[in-house]
1. Give me Rg over Rh for the range 91-163, both radii from the alpha carbons and Rh done the Kirkwood way, two decimal places.
2. What list of ³J(HN,Hα) couplings, whole Hz, do you get for the range 149-157 from phi and the Karplus terms 6.51, -1.76, 1.60, once you set θ to phi - 60° and write x for glycine and proline?
3. Which loop trypsin sites (Lys or Arg not before Pro) in the range 102-200, with loop taken from DSSP, have no more than 11 other Cβ atoms within 10 angstrom of their Cβ?
4. Could you tell me the largest-minus-smallest coordinate of the C-alpha atoms of the range 191-267 on each of the three principal axes, in descending order and whole angstroms?
5. Can you give me the long-range amide H partners of G110? Hydrogens built in the peptide plane at 1.01 Å from N, cutoff under 5 Å, separation of 5 or more residues or another chain.
Amino acid sequence: MNIHDLNKNQIILLALLISFVTSIATGIMTTSLLQEAPLEITRNINRIVEKTIETVTIPATPSSPAKQKEVTTVVVNEEDLIVNSINKNIKSIVRVHEQDGVTQLNSFYGIGMVVNKDGLIATDRKSITPINIYTAVMNDGVELKLVPQVVDKETNFILFKVVIPEKSPTYTFSPATFGEQDPKLGQTLIALSGEKINTISIGRVTSLDMNETGIGTSTVKYLAKINTDVATKDLANGSPVFNLSGDIVGVRLSLDDYQSFTPVSVLNKELIILTPSTKSQ
């Protein structure tokens with residue numbers, strides 16, 4: 001059959017059929033390409049900012065005439081959420097240094113987090129030498145002396161107490177915000193690190209390792225490890241990882257596997273052991 005033998009309605013139906021088949025093929029091809037594309041490309045696609053301005057007419061009432069109102073809808077992109085998440089806790093992150101009591105050599109101990117308003121700092125547990133001097137460089141550049149706390153306790157974390165100098169009797173601490181809920185599969189995470197300057201790594205939760213505690217039928221499952229695709233090779237021990245709400249959900253410890261983090265719930269439990277009378281803020 002020749003196309004010239006078709007009437008007007010048949011030609012329109014044929015055009016619609018071709019358009020329908022083409023759109024399906026395009027959708028399948030696009031989905032396949034996105035699945036094979038690098039993660040950074042798909043992230044950029046998801047970060048498109050959308051802004052819609054709509055004028056709505058409000059009908060008249062007996063007491064007021066009809067009027068128009070402009071309604072603005074803004075969709076916040078992932079990039080904005082990442083920036084806000086970092087800014088929420090940036091003042092709570094410190095860099096802990098250790099000075100050798102014999103050689104006077106200064107070394108980087110790890111990233112720490114302020115956990116209460118009294119200047120208590122938590123970081124990855126390492127060995128403590130009594131004659132060494134420990135200091136924290138705060139987010140504003142101020143350097144403060146630290147005193148190790150309850151060193152004899154065997155935990156995953158260690159705590160330091162800030163010593164406020166006599167010449168500057170006051171200092172305002174900004175406690176970190178800990179997440180109250182465990183992260184979910186596929187959730188975006190931002191790790192903050194850097195020995196001298198702030199650096200970040202971004203990824204997603206790839207799996208969650210659960211363990212059980214208790215005896216017999218009275219067992220309770222709890223989150224033991226957060227597995228991600230975040231590049232942790234260059235992350236310092238003690239580096240926190242945030243969700244997009246700006247809550248710290250995990251910490252990078254020396255005992256963690258590559259691309260894994262210890263849940264902040266473990267830190268909360270150990271804070272009770274290390275400081276029975278102190279609650280994290």
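1. Numbers: Rg = 11.5 Å, Rh = 12.2 Å.
Value, to two decimals: 0.94.
2. 10, 5, 5, 6, 6, 8, 9, 7, 10
3. On the way: sites: K117, R125, K126, K145, K153, K161, K167, K184, K196; in loops: K117, R125, K126, K153, K167, K184, K196.
Sites meeting the loop and neighbour criteria: K117, K167, K184, K196.
4. Extents along the principal axes, in whole Å: 49, 26, 20.
5. V96
Values in this text are rule-based calculations from the coordinates and carry no lab data. Just so we're clear, the structure is a prediction, and the values are computed from it rather than from any experiment. Ideal geometry is used to build each Cβ from the backbone, glycine not excepted, and the neighbour counts take in all protein chains shown.
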